[in-house]
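Here's the structure, in structure tokens; my notes come after.
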Amino acid sequence: MPTEKATGLVLRSIEYRETSCVVTFWTREFGKVRALAKGGRRLRSRFETALDVGNCCDIVLIRKISAGLDLLTEAHLRERFAGLHQSLQAYYTACLIAEILDACAQENDPHPSWFDATLRTLRRLHESEVLNPLLHWELMALQEMGLQPMLEHCVRCRKPLEESPTSEPIAWNAQAGGVLCPHCGRTTASRRTLPAELWHSWRQAIRHSASAIPADISRQLLDLLHEYWSHRLERPLRLAKYLSTAH
Ligand SMILES: [Zn+2]
């Protein structure tokens with residue numbers, strides 16, 4: 001049977017029968033892939049520890065053997081991100097990235113440059129640097145998925161929003177997916193307000209992907225983004241709570 005080679009990040013692994021597992025990879029070549037690893041749970045499996053969540057592997061697959069599953073025939077560890085194994089915060093952050101990818105990446109929809117950028121983000125994660133890399137990664141993920149919230153125009157009437165000279169808070173509605181002009185803000189029930197500084201930093205972070213955002217602003221933006229992801233993905237992010245409470 002023809003085989004395909006790919007580079008894949010391990011997003012999830014679930015037990016399958018006595019000794020096997022079904023591994024979800026995000027691959028550079030094919031987008032999301034679910035593959036059966038026969039014997040993958042045996043102590044001395046030929047896959048060894050390559051299949052731990054957060055690892056990047058060189059894999060060989062036989063595509064679509066049954067019910068949308070590929071068969072994993074080889075997996076060799078390509079990169080194990082050291083920072084994730086030295087800090088619980090870094091590990092949770094990587095798991096949150098895997099959770100978002102698992103929820104929104106699609107089969108046969110590869111994003112090679114986003115894939116490479118994700119590996120760079122995972123390399124940057126360590127105890128003292130979690131929030132900034134995660135914030136920039138999530139902003140990139142929203143852009144790659146076409147899920148960017150509307151920040152420059154009112155999400156209801158499309159009127160451009162201007163910086164208020166008095167730094168008035170801006171109305172924001174996660175469900176509608178963007179900010180609201182003062183008029184629509186007054187007439188929309190389920191909204192909250194963003195401090196002007198936060199709105200400004202959010203747009204700055206989108207424009208300058210390498211900008212360093214102060215930790216307290218990053219934390220507030222990540223809380224907003226996690227609320228927004230939950231609306232877009234129609235379920236809460238399981239791992240987001242570990243980040244917001246620990247910092
Ligand atoms: Zn409006």
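Taken together, the values in this text are just the output of simple stated rules run on the coordinates, not laboratory data. In this text the structure is predicted, and so the values were computed from the model without any measurement. Every residue, glycine among them, receives a Cβ derived from its backbone with ideal geometry; neighbour counts consider all protein chains shown.
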statement: Diffing region 208-222: the Karplus 3J(HN,Hα) column from phi (6.51, -1.76, 1.60, θ = phi - 60°), in whole Hz with x for Gly and Pro, holds 10, 5, 9, 5, 8, 9, x, 4, 5, 5, 4, 4, 5, 5, 5
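Rank by packing, highest mean first: peptides 199-211, 93-105, 16-28, with packing defined as the count of other Cβ atoms within 10 Å averaged across residues. Working shown, then result.
Details: 199-211: 15.2, 93-105: 21.2, 16-28: 19.2.
In descending order of packing, they fall as 93-105, 16-28, 199-211.
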query: What residues qualify as long-range amide H neighbours of T73, i.e. H under 5 Å apart, gap of 5 or more or another chain, H built at 1.01 Å from N?
result: V60, L61, I62
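Once the convex hull of the alpha carbons of region 4-80 is built, what does its volume come to per residue, in cubic angstrom? Working shown, then result.
Working: hull volume 5.6 nm³, N = 77.
Per residue, the Cα convex hull of region 4-80 comes to 73 Å³.
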- request: Give, as a single signed number, the net charge of other residues whose beta carbon lies under 12 Å from the beta carbon of T7, with Lys and Arg counted +1 and Asp and Glu -1.
  value: -2
query: Across region 99-116, in residue order, what do the Karplus-derived ³J(HN,Hα) couplings come to in whole Hz, using 6.51 cos²θ - 1.76 cosθ + 1.60 with θ = phi - 60° and x for Gly and Pro?
result: 5, 5, 5, 4, 7, 10, 6, 10, 5, 6, 9, x, 10, x, 6, 5, 4, 4
- request: Collect residues whose amide H, placed 1.01 Å from N in the peptide plane, falls under 5 Å from the amide H of Y16; neighbours closer than 5 in sequence don't count.
  value: C21, V22
statement: Counting sequence-distant residues (5 or more places) and residues on other chains, those with an amide H built under 5 Å from that of K159 are C154
statement: The base-10 log of I(q)/I(0) that the Debye equation returns for the chain at q = 0.12, 0.15 Å⁻¹, one scatterer per C-alpha, is -0.73, -1.02
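In a shell of Cβ-Cβ distance under 13 Å around R34, excluding R34 itself, what net charge do Lys and Arg (+1) and Asp and Glu (-1) give? Please list the in-between numbers first.
Numbers: positive: R12, K32, R63, K64; negative: D70, D102, E107.
Net charge in that neighbourhood comes out at +1.
Can you give the relative contact order of the chain as a percent, counting alpha carbon pairs under 8 Å and 6+ residues apart?
Values: 433 pairs, mean separation 37.0, N = 247.
Across the chain, relative contact order equals 15 percent.
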- line: Across N173, N55, N132, the residue with the highest GNM fluctuation in the chain (Cα network, 10 Å cutoff) is N173
